[in-house]
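Have a look at the structure below before the remarks.
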Amino acid sequence: MSGAAMLSDGVIKAFAAGVKGQVLRPGEDGYDAARQVWNGMIDKRPALVARCAAAEDVVAAVNLARDHGLLLAVRGGGHSASGTGVCDGGLLIDLSGMKAIRVDAAARTAQAEGGATWGDLDRETQAFGLATPGGVVSTTGIAGLTLGGGVGWLVRKYGLACDNLLSVDIVTADGRLRTASATEHPDLFWAVRGGGGNFGVVTRFEYRLHPVGPQVLAGLLIHPRARAPEMLKFWRDFTRTAPEDLATYAALAHAPDGTPVAIIIVCYHGPLAEGEAVIRPLREFGPPLQDAVQPMPYVEFQTALNGTGPAGKRAYWKSSFLRAPLDDAALDTVVEHAMALPAPLSATILEFYGGAVNRVPAGATAYPHRDAVYLLNILTLWDEAGADDANIRWVRGLFDA
C-alpha cells in the first residue's frame, strides 16, 4: 500500500481546506466518477482524489504526495488507455475541472488548461478559423496526447501537437510551478515535447495555431472486405504522392450492422475545390459501397470516429511505426489477421503521416520517431471479461506477425 490510506484525518482535512477544488475519499459522492478512465479494463481505487480547480491546487497535491511518500497519478482528459491516469491506494490529481481556454486570434496562439479535451480546444479555436494539430477523437485529453507527441488530421502539414507547443506551465516534483519554453527551462521544454507525463503536472499548454476550415472535405469510403488486398495496395500507392493538405487512413473493421468492411478515411483541409481533384482517384477506386466524403465543419469531423471507441468498453491495443516503402507482404499480413477480428469494435488501422513530422530533426524534441511514414494501430474493444484472452491474443498475434 502506498501510504495514502494511512494519512490522518487531520492531514486530509488540512489539505482539503487549503485547496479550491474538491478532495474525495472512497465512498463519497463523485469519487467513482473521478477515478474512471476510458478503458473499462482499468479499475483502480486511489485512497484520495484531488479534483483540482487551479494550479495552486496541483502544487498543494504534489507537495502532499511528496511529503507523505504517496503514489501519484494524474488524470487529464480521462482517456488513459493504459490506465496510468489513475492509481491504487495513492493520490489521484484530477484535472478534469480545469478546462479554461483563451485564444489570441491575432497572434494565432491558444492557451488551454490541462483538463481540456480536443473537442474543447477545437471548438474555441475554430470560432476564429484556427486549429492546432491534435487527435482524431474529440474526447481525448490534450495533455496526454500532446506530451506523447500528438498525431491527428493536420500533422502532415503542421507537424505533431508537441511541435506546435510554445510553452507549458508545469508543477515539478519539488512543488514549484515553472514555465518551460524555448527560453525558460529549455531542457524541461525539450522533455515534455514527446517524453510523456513523467516530468511534472502540466497545468497550462500554449499552442501555435494555423488557419483550418471551418469546412474540410472529409469522410469515409467504404468497400467490401473482399477488396481489402487491392484497396490497401492502391491506398499505399496513392499516398506516395499525396499533398500535405490531405490526411488519410485505411482501416479493416466492421460496419454498424456487423458486416466486415475495408475503409479509406480522408480529411483534406486545404481549398475545397482543390480537394475534390486530389481525392478523385480514391473515390473512383472500386467503386466504394458507400461514399460519405463531403464538405463538413472541421469540428464535426473531429467527432466522426468517437463512436468507434465508446467509454467504458474493455480495450486493448498495440501499435507500430512502419517506414516507407510499405511492402505487399506487410499489407497481406494485415489482411490475413483482420479476417479474424474478434469483436464488433475490433480494427486494424494504417495511418499515413510523413510531411512536416519528418522534417523536424530527431533530436529537436523528445519525440524520436521522425522517420516514420505509417503507423499500424491494432485495437479491439469488447464487453465481457471472459473475452479478455481472445481479444488480447488477437492483437498480440497480429503485432508479432
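Taking Lys and Arg as +1 and Asp and Glu as -1, the other residues whose beta-carbon sits under 15 Å from that of Pro297 total -2.
In summary, the aspartates and glutamates within cross-link reach of Lys313, defined as a Cα separation below 16 angstrom excluding same-chain residues under 8 places away, comprise Asp43, Asp383, Glu384, Asp388, Asp389. 3J(HN,Hα) couplings calculated from phi for segment 324-334 with the Karplus curve 6.51 cos²θ - 1.76 cosθ + 1.60 (θ = phi - 60°) are, in sequence order, 6, x, 7, 7, 4, 4, 5, 5, 5, 5, 4 Hz; Gly and Pro show x.
Distance between the 7 Å Cα→Cβ label points at Ala54 and Glu28: 1.9 nm. Amide H contacts under 5 Å for Arg75: Ile93, Asp94, Leu95, restricted to partners 5 or more places along the chain or on a different chain, H placed in the peptide plane at 1.01 Å from N. Restricting the calculation to Cα atoms, segment 264-400 yields a radius of gyration followed by a Dmax of 17.4, 50 Å. Farthest towards the positive end of the charge dipole of segment 104-245, among the residues Ala180, Gly150, Ala242, is the Cα of Ala242, using unit charges on the Cβ of Lys, Arg, Asp and Glu. Taking label points 7 Å from Cα along the Cα-to-Cβ direction, Ala273 and Asn358 give a separation of 3.1 nm. Estimated purely from DSSP H runs of n ≥ 4, each contributing -39500 (n - 2.57), the mean residue ellipticity at 222 nm for the chain is -7500 deg cm²/dmol once divided by its residues. Contact order, relative form, for the chain: 14 percent (alpha carbon pairs under 8 Å, 6 or more residues apart, mean separation divided by residue count). For segment 155-166, backbone phi angles converted through the Karplus equation (6.51, -1.76, 1.60; θ = phi - 60°) give residue-by-residue couplings of 5, 5, 9, 10, x, 6, 4, 5, 6, 9, 7, 9 Hz, Gly and Pro being listed as x.
Can you give the angle from 0 to 90° between the axis of helix 272-284 and the longest principal axis of the chain, with both taken from C-alpha atoms, to the nearest 10? So the helix axis and the longest Cα principal axis differ by about 60 degrees. Across segment 180-269, the fraction of Cα-Cα pairs farther apart than 17 Å, rounded to a whole number, is 66%.
Descending by average beta-carbon neighbour count within 10 Å, the peptides 55-65, 210-220, 297-307 line up as 55-65, 210-220, 297-307, the highest first. Arg45 to Ala390: FRET efficiency via 1/(1 + (r/R0)^6), r the Cβ-Cβ distance, R0 22 Å, to the nearest 0.05? With R0 = 22 Å, the Cβ-Cβ based efficiency is 0.20.
Taking a ≥ b ≥ c as the square roots of the eigenvalues of the Cα gyration tensor of segment 1-100, is the shape rounded (a/c under 1.5), prolate (a/b larger than b/c) or oblate? Oblate is the answer for segment 1-100, as a/c is 1.5 or above yet b/c matches or exceeds a/b. Relative to the current alpha-carbon distance between Arg123 and Thr308, full extension at 0.36 nm per residue lengthens the span by 64.5 nm.
Around the amide H of Gly355, modelled in the peptide plane, lies no amide H under 5 Å away from a residue 5 or more places distant or on another chain.
Given springs between every Cα pair under 10 Å in a Gaussian network model of the chain, which of Arg35, Arg370, Arg359 has the largest fluctuation? Highest fluctuation among the options: Arg359. To the nearest Å, what is the center-to-center distance of segment 239-285 and segment 91-111, using C-alpha atoms only? When both Cα centres are located, 32 Å separates them.
Hydrodynamic estimate: the Kirkwood radius of segment 70-113 over Cα pairs, inserted into Stokes-Einstein at 4 °C and 1.567 mPa s, corresponds to D of 106 µm²/s. Listed by chain and number, the lysines whose alpha-carbon sits under 23 Å from that of Lys233, ignoring those within fewer than 8 places in the same chain, are Lys318.
A cut-off of 5 Å between modelled amide H atoms, ignoring neighbours fewer than 5 places along the same chain, links Gln22 with Arg51. Under the classification rounded if a/c is under 1.5, otherwise prolate if a/b is larger than b/c and oblate if not, where does segment 43-93 fall, given a ≥ b ≥ c as square roots of the Cα gyration tensor eigenvalues? It comes out oblate by the Cα gyration axes. With angles folded into 0 to 90 degrees, how steeply does helix 228-239 sit against the dominant principal axis of the chain? Use alpha carbons for both and round to 10. Around 80 degrees separate the two axes.
Shown in residue order for segment 119-126 are the 3J(HN,Hα) couplings computed by the Karplus curve 6.51 cos²θ - 1.76 cosθ + 1.60 at θ = phi - 60°: x, 4, 5, 4, 4, 6, 6, 6 Hz (x for Gly and Pro). Net length available on complete extension from Asp291 to Ala14 is 93.7 nm, with 0.36 nm assigned per residue and the Cα-Cα distance removed.
With an 8 Å Cα cut-off and a minimum separation of 6 or more residues, compute the relative contact order for segment 324-401 in percent.
On the way: 81 pairs, mean separation 28.2, N = 78.
Once normalised by length, the contact order is 36 percent.
Can you tell me which of Ile349, Ile12, Ile279 moves the most in a GNM of the chain? Springs connect C-alpha atoms under 10 Å apart. Among Ile349, Ile12, Ile279, the largest GNM mean-square fluctuation belongs to Ile12. Within the straight-line cut-off of under 29 Å between alpha carbons, the lysines reachable from Lys20 are Lys44, Lys99, sequence neighbours fewer than 8 places apart in one chain being disregarded.
Counting every pair of alpha carbons in segment 242-320, the share spaced more than 15 Å apart comes to 66 percent.
Here, each number is a calculation from the coordinates, and none is a lab measurement. Only a predicted model underlies this, so the values are computations on that prediction, with no experimental measurement involved. Note that we place each Cβ from the backbone using ideal geometry, even for glycine, and neighbour counts take in every protein chain shown.
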